[in-house]
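What follows is one structure encoded as structure tokens, with my remarks underneath.
Please treat every number below as a calculation from the coordinates, not as lab data. All of these numbers come straight from a predicted model, not from anything done at the bench. So basically every Cβ, Gly included, is an ideal-geometry build from the backbone, and we count neighbours across all protein chains shown.
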Amino acid sequence: MRRGRIFYFRKRLPKKLSNQVPNQFLCLSLRTDLPLDAVKRAAALLTVLEQMEKTHVDALIKNSLNPETAKAVLTEMLRSALEGMLQEQNQDIALSAGEVDQRIEALQEENRRLRRAARNRQWTDVEPLLRAAGDRVTLNLPSPISNDLGKRATALQH
């Protein structure tokens, strides 16, 4: 979800976690205005949430955790995961001006190559990325990749 320039992670809570009140959501700023970064961060947070959600729902069923506490714990867990992602991202080594220029040139060439491949409906360059993303969120992708999915992935890639 996007508000202004910043993207947000927004996920509806299961009824057990929302105290039977419909339309309760977890909402957290992804701290980016870049669509590709937002997609990566949201997918990672969704994976974290799905891994922990079952534990919290089980605790609610056993009455060892109330819905408000469960929501607070999940929100804090997502914040902590996002902070870890941001710290990892910020550990990149500083590049010299020449290295930055080389990186920009390489990315521009990759863009040209992806556009040529998209015109020819060749998704081999984005397929490994799609499969890796699908694996992270336990989503099985069709083989071969459909044109629509390939186009969308190519658009996100460049």
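Leu107 to Met1: FRET efficiency via 1/(1 + (r/R0)^6), r the Cβ-Cβ distance, R0 35 Å, to the nearest 0.05? The calculated FRET efficiency here is 0.80.
Given a Förster distance of 22 Å, report the FRET efficiency between Gln51 and Leu139 from their Cβ-Cβ distance, rounded to the nearest 0.05. Don't jump to the answer; show the numbers that get you there.
Values: r = 15 Å, r/R0 = 0.68.
Efficiency computed from Cβ-Cβ geometry: 0.90.
Applying a 10 Å radius around every beta-carbon, put 104-116, 38-50 in order of their mean neighbour count, most first.
On the way: 104-116: 11.8, 38-50: 17.9.
The packing order, highest mean first, is 38-50, 104-116.
Which order do the peptides 138-150, 70-82 come out in when sorted by mean C-beta neighbours inside 10 angstrom, highest first? Display every interim value, and only then the final one.
Numbers: 138-150: 11.9, 70-82: 16.4.
By packing density, highest mean first, the sequence is 70-82, 138-150.
Residues within the reach of a label modelled at Ala117 (point 7 angstrom out along Cα to beta-carbon, backbone nitrogen below 19 Å), restricted to the stretch 128-145, are 128-136, 141-145.
Would you mind putting 2-10, 124-132 in packing order, based on average other-beta-carbon counts within 10 Å, highest first?
Numbers: 2-10: 13.1, 124-132: 14.7.
My ranking of the peptides, most packed first, is 124-132, 2-10.
Simple rule: put +1 on each Lys or Arg Cβ and -1 on each Asp or Glu Cβ in the stretch 96-158, find the dipole, and look at Ala153, Asn120, Gly98; the Cα lying farthest toward the positive end is Asn120.
For Leu149 and Leu86 in the same chain, what is the full-extension length gain: residue separation times 0.36 nm, less their Cα-Cα distance, in nm?
On the way: separation 63, 0.36 × 63 = 22.68 nm, distance 2.78 nm.
Additional length available on full extension: 19.9 nm.
Distances between every pair of Cα atoms in the stretch 88-152, grouped in 10 Å steps from 0 to the bin holding the largest one, split as 19, 34, 30, 17, 1 percent.
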